[in-house]
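J.: Submitted below is the structure of interest, expressed as structure tokens.
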Amino acid sequence: MKTLKAWSVLVILLLLGVGVFLVGGAYNFAADEPHWTATEALIGYARHRSVDARAADITVPGDLSDPARVAAGAEQYQAMCAGCHLAPGQGSGAMRDGLYPRPPDLTDHGIHDPRSAFWVIKHGIKMSGMPAWGPSHDDETLWDIVALLQTLPDTSESQWENLTGGNGEHGTTRAGRQHGHGGSGHSH
């Protein structure tokens, strides 16, 4: 009985401490100050486990290496993603530099699992600046971006310019199908 009482007191004190911490505004949520190491590790682990669990049953289309699909993905990526995740030959910019956590440089490491990449592109990541593109883009368009991401680390600056026409304009691609936001060039 004494052990149960001791644990109850400990839990109550812990909850009171957490309450004081939260109500007092002790944790700094500013984007220009990194998380504590333990906080970052916990959030990173939880994020990866969450995405992996939700992406596990996604079926990857067999045509991700199709050059037309990669080219369509490049056009979408230039319009929607390059501002945060960079493109070959592109340096960092003000928006990317102001985000925390800093978006991964996909020109450097690309993606490791097409299912997880598709899920993240479609659903976004809370409190990271990564939008959910699923509400405004069809799955085919999102798979085009995944196809591009598989090749991006090996894409040279000149290859990138050829894929995007050197201008990064957003418009009609594969089979004349309109992608994205009707050519408005919205980006992330």
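J.: I want to confirm something. Restricting to region 63-115 and keeping residues that are part of a loop (DSSP other than H, G, I, E, B) and aliphatic (A, V, I, L, M), which single residue is surrounded by the fewest Cβ atoms within 10 Å (Cβ to Cβ)?
T.: 99
J.: Restricting the search to region 125-140, which residues are surrounded by fewer than 17 Cβ atoms within 10 Å (Cβ to Cβ) and on the phi > 0 side of the Ramachandran plot?
T.: Correct list: 127 only.
J.: So which residues in region 42-97 are without any contact (Cβ under 8 Å) to a residue 24 or more places away in the chain and of a type in the set (A, V, I, L, M, F, W, C)?
T.: Matches in region 42-97: 42, 43, 46, 53, 86, 94, 95.
J.: Could you please find all residues in region 10-59 being loosely packed, with under 10 Cβ neighbours inside 10 Å and part of a helix (DSSP H, G or I)?
T.: Passing the criteria: 23, 37, 38.
J.: Here is a further query. So which residues in region 116-170 are outside any helix (DSSP H, G or I) and either touching a Phe, Trp or Tyr at 6+ places or on another chain (Cβ under 8 Å) or acidic (Asp, Glu) (or both), if there are any at all?
T.: Passing the criteria: 124, 138, 169.
A short reminder: the numbers here are calculations on the coordinates, not readings from a lab. As the structure is a prediction and not an experimental result, all values here were calculated from the model. Ideal geometry is used to build each Cβ from the backbone, glycine not excepted, and the neighbour counts take in all protein chains shown.
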